[in-house]
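S.K.: My structure is below; once you've seen it, I'll send some questions.
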Amino acid sequence: MKRAPLAVFCLLSFFFLLSSAPALAQQDFGEVAFANSGPPSAQADFLLGLAQLHNFEYEDAAEHFRKAQQAAPDFVMAFWGEAMTQNHPVWHEEDVADAREILKRLAPTSEARLAKAPTEREKLYLRSAEVLFGDGTKEERARQYESLLAEIHHKFPEDVDGAAFYALATLGTAEHGRDFVTYMRAAAVLEEVFRQHPHHPGVVHYLIHCYDDSVHAPLGLRAARIYSKIAPNAGHAQHMTSHIFLSLGMWEDEVKANETAMAVVNQARQKAGRPPAMCGHYNEWLEYGYLQQGRVADARRVLEGCRQTAEKAAAAAADPKSPTHAAMSGMMMSGMTPAMVALDSYAEMRAHFLINTQLWSDEAVRWTLPAGDYPFAQQTFDYTNALAAIHRGDLAGARETAARVESDGQRSVAWMKQQKLDDSMLGDAALIYNGELHALLAAAEGKPQDAITELQSMATKEHSMPLEFGPPNIEKPTDELLGELLLKLNRPTEAREAFQAALARAPGRKLTVEDLARTDKEIMAAATKQGAKQPSANNPEHKP
């Protein structure tokens, strides 16, 4: 699960304000220009808040928008900006209640708030927030919001922020997974303004999101290179570049981006008197990059750090007397508690570590989750444990653990329904987990063709799922698993097709690359052997 990154702080190098001309800010978070009616005293914080809003550094952005409000209590766009920090469209997260409370601090009613907006453009921006956090389903509100941002973009084509937010609103309408048509529509808007605004954090950031898959990633490489340079003090910006690098299998760049992101984050944590962060999105990608480089010791270090963090979070959530109990047990925007998020991160990192190193008897296999109701983490744990048991030849233990994976999946889907969240992808993943394990058990029991048929079915199911960015959502990709089984059964030509399909979805993945090289060697050896058996023209046995 994703969450808002930690806040970081920086002083503006300079700022300007003219009520009819754009206010310009150039700092370590990118360049933003936004004509607005706020007084000079509010501009520094407003512009920094705007840049950080584009960088998805929501906590920091909100703080600067609140400072702008303190300087100018009727500054409409400062309240609009703070409200927008409660909307995370790419992650499909929102906190409508908090956003409404922010807007009410400006004025108690929509009409009163709109009356405070002095220009048509600011009224449109404010109306867009009123619609986004108004009545209707999430999908209905997202569509209406996109329409209003389209109106801003068309009426004020010189407003680069209008273009950027319009593209982001379009991305936010893909509620049921990545939709190439929707993402390319957003990219088209951004590409139109990119040449004139190559240092705008929203333009380059959202372009990366548009191209964030193995098919379109080459188109995002330019934006990734730029983004890392224009926003050096934004942790999310540094991490975001790795989305393109991972999609292209550029592991050195992927690792460097996440090491830099964690350095930015931990520098801010150190200033706040907090320990380094060891779990979470950036660390998950960092560990995966280390594994693709074969840096097992570095991956183990990150995993062990996350394990300790997650166990402490779970202990605090379970102990009402703990000073951090409230923080660890309170609900986040995703509906999960911080303890659940930490444990989910730990489970994911452990799964990738064991699957990618194939250390099926490693001490990490013996690790367990703390007591508590953590269905997502438990499902990932049990899935990994079942794979380890099968590889060790412990079929009885594997069957028992595989049965738990099925019940874990049912509990996870039930939790999603209770939170009124889309459970379709989670249900598909649970089906694939179960299918993979069932197939491997069938192969171990001497039914290889049954196993192949089931894995082929699961691979088709995995291909139909929306393409997710990042380390494989199914930690052991089905195509890779199918290829390994086919290779073991001495069917290298079919195995090669499976490995190529796996690499199309996860370019440069170390295990698949090595499997494919081994497969090609076997195919070549078989061809050489076959050729040696064929009579040649110089052979006395050759008959023309």
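The values are calculated or read from the model by the stated rules, or taken from the named source; none is laboratory data. Model, not experiment: these values are computed from the prediction. Positions of Cβ are generated from backbone atoms using ideal geometry, with glycine treated the same way; all protein chains shown enter the neighbour counts.
S.K.: Of the conditions (1) touching a Pro at 6+ places or on another chain (Cβ under 7 Å); (2) of a type outside the set (Ser, Thr, Tyr); (3) not in a loop (DSSP other than H, G, I, E, B), Arg301 fails just one. Which one is it?
M.R.: With (1) touching a Pro at 6+ places or on another chain (Cβ under 7 Å); (2) of a type outside the set (Ser, Thr, Tyr); (3) not in a loop (DSSP other than H, G, I, E, B) applied to Arg301, the lone miss is (1).
S.K.: A further question on this structure: Select from the stretch 247-291 the residues that are within 19 Å of Glu57 (Cα to Cα), touching a residue at least 60 places away in the same chain (Cβ under 8 Å) and part of a loop (DSSP other than H, G, I, E, B) and list them in ascending order.
M.R.: Answer for the stretch 247-291, where residues must be within 19 Å of Glu57 (Cα to Cα), touching a residue at least 60 places away in the same chain (Cβ under 8 Å) and part of a loop (DSSP other than H, G, I, E, B): Ala277, Cys279, Gly280.
S.K.: A further question follows. Taking the stretch 181-238 on its own, how many of its residues are closer than 23 Å to Leu467 by Cβ and in a loop (DSSP other than H, G, I, E, B)?
M.R.: Final tally of qualifying residues: 6.
S.K.: Here is a follow-up. Suppose we keep only residues that are within 18 Å of His205 (Cβ to Cβ) and of a type outside the set (D, E, K, R) within the stretch 249-260. Which one would you say is surrounded by the fewest Cβ atoms within 10 Å (Cβ to Cβ)?
M.R.: Result: Thr260.
S.K.: Of the residues in the stretch 101-116, how many are charged (D, E, K, R) and surrounded by 16 or more Cβ atoms within 10 Å (Cβ to Cβ)? Reasoning before the result, please.
M.R.: The initial filter retains those residues of the stretch 101-116 that are charged (D, E, K, R), namely 101, 104-105, 111, 113, 116.
This time we only want the ones that are surrounded by 16 or more Cβ atoms within 10 Å (Cβ to Cβ), so: 113, 116.
So the count comes out to 2.
S.K.: Return the residues of the stretch 348-398 that are surrounded by fewer than 20 Cβ atoms within 10 Å (Cβ to Cβ), charged (D, E, K, R) and under 30 Å from Lys417 (Cα atoms); say none if nothing qualifies.
M.R.: Asp373
S.K.: Just for the stretch 394-435: of the residues that are without any contact (Cβ under 8 Å) to a residue 24 or more places away in the chain and outside any helix (DSSP H, G or I), which one is farthest from the chain's Cα centre (by Cα)?
M.R.: Ranking the qualifying residues of the stretch 394-435, first place goes to Asp394.
S.K.: Here's another thing I want to ask about it. From the list Ala388, Ala327, exactly one residue is part of a helix (DSSP H, G or I), small (Gly, Ala, Ser), free of Cβ contacts under 8 Å to residues at least 60 places away in the same chain and closer than 28 Å to Met425 by Cα. Which is it?
M.R.: Values: Ala327 fails: closer than 28 Å to Met425 by Cα.
None of the other options fit; the residue is Ala388.
S.K.: Find the residue count for the stretch 459-484, including only residues that are surrounded by fewer than 22 Cβ atoms within 10 Å (Cβ to Cβ), outside any loop (DSSP other than H, G, I, E, B) and touching a Phe, Trp or Tyr at 6+ places or on another chain (Cβ under 6 Å).
M.R.: So the answer is 0.
S.K.: Still on this model: Determine, yes or no, whether Ala61 is surrounded by fewer than 24 Cβ atoms within 10 Å (Cβ to Cβ), at pLDDT 95 or above and of a type in the set (A, V, I, L, M).
M.R.: no
S.K.: Among Ala129, Ala117, which is assigned to a helix (DSSP H, G or I) and of a type in the set (Gly, Ala, Ser)?
M.R.: Only one candidate passes the filter, namely Ala129.
S.K.: Let me ask something else. Could you please tell me which pairs satisfy a Cβ distance under 7 Å, a separation of 6+ or placement on different chains, a first residue in the stretch 205-219 that is among the aliphatic types (A, V, I, L, M), and a second residue that is not in a helix (DSSP H, G or I)?
M.R.: Ala217/Tyr211; Ala217/Leu248; Leu219/Tyr211
S.K.: Restricting to the stretch 132-158, what's the tally of residues that are surrounded by 21 or more Cβ atoms within 10 Å (Cβ to Cβ) and not in a helix (DSSP H, G or I)?
M.R.: The qualifying residues number 1.
S.K.: Might you check whether a residue that is farther than 28 Å from Lys312 by Cα, within 16 Å of the chain's Cα centre (by Cα) and not hydrophobic (A, V, I, L, M, F, W, C) occurs anywhere in the stretch 277-288?
M.R.: no
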